[in-house]
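Worksheet for the structure shown next.
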Amino acid sequence: MEKAKSLRILAIESSCDESAAAVLDASQGLLAHEIFTQAELHRVFGGVVPELASRDHVRRLLPLVRAVLERSATAPQQLGGVAYTAGPGLVGALLTGAALARSLAYAWGLPAVGVHHLEGHLLAALLEPESPPFPHVALLVSGGHTLLVEAVAIGRYRVLGQTRDDAAGEAFDKIAKLLGLPYPGGPQLARLADEGSRGESSPGAFVFPRPMLDRPGLEFSFSGLKTAVLHAVRGRVLTDALKRDVARAVQEAIVDTLASKALRALDATGLEALVVCGGVGANRMLRERLALEVRSRGGRVYYPRLEFCTDNAAMIAVAGLARLKSGEHDDLGIRVRAQWPLESLQPILNP
Ligand code: KG4
Ligand code: ZN
């Protein structure tokens, strides 16, 4: 008797300034993935220029698709579906990936499924050898979102709290820009802060507010932090030493806030497993602090590896595979969304 073929899919991510493709096999796992970051392209503008992002995705995506198919020795006939990021994100950028993915699926006679970018981030830790149990609490911290989520099962998410204004990554990026650090600022600010913590700065030179930590609940607010930094450095020469001091204090304020609220969410739900995901999930201090504190309470933290914290197509493949397996697929009318509430997602019937 012929063995049943395992489902293998192609996935495409293009929601912001990373173009990415991946091939995932239901039984063999991740077979190939590629990311092209457009950071260089946007650097002179100090932030992502949506029109340039779309134009570059158009240039990059097909070669990335070819590369992951070749690397995984996958012919289109071996694929069982195509997944793509359908939102939230920059509409023009999303459309490039969606149009390409949908067209390839049409040409190859395959189903296609539009994936929620944040569901991708939430499921990225499933790519690791030790994947998190369900239910768990997830701290999803990216450039556009800061959310605490109860992940009940694949496809079933309850938002416990979110930011009222800026996302944590956005705060990192805006403050980095204010300090004159090159784009993308978040990782640069973190690097400078780590230098500061290694003794190259004066501890306690600055202490910035921990927004909303003094109030009950699981909401965040990071917009005031930028104003606090602005006041603190006004009229001062931005020397390297000053930048290190500020970066260190900013990182401490953001990490303290995120970690304290994540622990509060574990208390509120009675759950022991915490997943930390999204671009800011790559932050060394946040990872170390949470690992330590959650372990000391008898719980456990799960992280995607660093390259799967920031935007990538492997995580889109995980979410897409779950949805395709449950029979979900899109019609030929391509639909992408700038905004897309996580809780409005269709539950997955048989994940
Ligand atoms: O998930 P992601 O790649 O894109 C979005 O979906 O937004 O997250 C990007 C964000 C940026 O704001 C970036 O500054 C931040 O993640 N980020 C970091 C670090 N690496 C990336 N923030 C703090 N420390 C890091 N090491
Ligand atoms: Zn993202």
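The values are calculated or read from the model by the stated rules, or taken from the named source; none is laboratory data. Please read all numbers here as calculations on a predicted model, not as lab measurements. Cβ sites come from the backbone with ideal geometry, for glycine too, and all protein chains shown count toward neighbours. When the accessible area is computed, the model is the full protein with side chains, heavy atoms only, and any ligands, DNA or RNA have been set aside. Shrake-Rupley method; radii C 1.70, N 1.55, O 1.52, S 1.80 Å.
Pull up segment 170-198, narrow it to residues that are of a type in the set (A, V, I, L, M, F, W, C) and open to solvent by 10 Å² or more (accessible area, probe 1.4 Å), then point me to the one that is farthest from ligand 1 (Cβ to nearest atom). It comes out as L178. All conditions in (1) within 16 Å of ligand 2 (Cβ to nearest atom); (2) within 15 Å of the chain's Cα centre (by Cα); (3) part of a strand (DSSP E or B) hold for Y157, with the sole exception of (2).
Table: residues versus (1) within 16 Å of ligand 1 (Cβ to nearest atom); (2) open to solvent by 20 Å² or more (accessible area, probe 1.4 Å); (3) aliphatic (A, V, I, L, M); (4) farther than 15 Å from G89 by Cβ.
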position	(1), (2), (3), (4)
E18	yes, yes, no, no
G29	no, yes, no, yes
H33	yes, yes, no, yes
V44	no, yes, yes, yes
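Can you confirm whether segment 82-105 contains a residue that is hydrophobic (A, V, I, L, M, F, W, C) and within 30 Å of A273 (Cα to Cα)? Yes, there is a match, as at least one residue in segment 82-105 is hydrophobic (A, V, I, L, M, F, W, C) and within 30 Å of A273 (Cα to Cα).
The residues listed here are A167, A151; of these, the one that is under 25 Å from R305 (Cα atoms), at pLDDT 95 or above, open to solvent by less than 50 Å² (accessible area, probe 1.4 Å) and within 16 Å of ligand 2 (Cβ to nearest atom) is A167. Of the strands (runs of 3 or more DSSP E) lying entirely inside segment 1-92, those containing at least 2 residues that are out of contact with any Ser or Thr (no Cβ under 8 Å at 6 or more places or on another chain), aliphatic (A, V, I, L, M) and within 20 Å of L127 (Cβ to Cβ) span 8-13, 18-25, 81-87.
For (1) closer than 30 Å to A105 by Cα; (2) free of Cβ contacts under 8 Å to residues at least 60 places away in the same chain; (3) away from ligand 2 (no atom under 16 Å from the Cβ); (4) part of a helix (DSSP H, G or I), each residue gets a yes or a no:
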{"position": "L238", "(1), (2), (3), (4)": "no, yes, yes, no"}
{"position": "V255", "(1), (2), (3), (4)": "no, yes, yes, yes"}
{"position": "K261", "(1), (2), (3), (4)": "no, no, yes, yes"}
{"position": "A291", "(1), (2), (3), (4)": "no, yes, yes, yes"}
{"position": "M315", "(1), (2), (3), (4)": "yes, no, no, yes"}
{"position": "R323", "(1), (2), (3), (4)": "yes, no, yes, yes"}
{"position": "G333", "(1), (2), (3), (4)": "yes, yes, yes, no"}
{"position": "R337", "(1), (2), (3), (4)": "yes, no, no, no"}
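Can you say whether R287 is within 16 Å of ligand 1 (Cβ to nearest atom), modelled with pLDDT of 95 or more and assigned by TED's automatic domain parsing to the domain that holds V149, as far as the supplied structure shows? Answer is yes for this residue. Every test in (1) more than 14 Å from A153 (Cα to Cα); (2) buried (at least 17 other Cβ atoms within 10 Å of the Cβ); (3) among the polar types (S, T, N, Q) is passed by S344 save one, and that test is (2). L90 falls short on exactly one of the conditions (1) open to solvent by less than 10 Å² (accessible area, probe 1.4 Å); (2) within 13 Å of ligand 1 (Cβ to nearest atom), and that condition is (1). Of all residues in segment 218-242, those satisfying the criterion of being out of contact with any Gly (no Cβ under 8 Å at 6 or more places or on another chain) and crowded, with 22+ Cβ neighbours inside 10 Å are F222, L225, V229.
Residue-by-condition table, conditions (1) free of Cβ contacts under 8 Å to residues at least 40 places away in the same chain; (2) under 19 Å from the mean Cα position of the chain (by Cα); (3) surrounded by fewer than 19 Cβ atoms within 10 Å (Cβ to Cβ); (4) more than 16 Å from ligand 1 (Cβ to nearest atom):
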| site | (1), (2), (3), (4) |
| --- | --- |
| A101 | no, no, no, yes |
| W108 | yes, no, yes, yes |
| H116 | no, yes, no, no |
| E119 | no, yes, no, no |
| L127 | no, yes, no, no |
| P133 | no, no, yes, yes |
| V137 | no, yes, no, yes |
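Per the listing A313, A247, A228, the residue uniquely more than 30 Å from E34 (Cα to Cα), modelled with pLDDT of 95 or more and within 13 Å of ligand 1 (Cβ to nearest atom) is A247.
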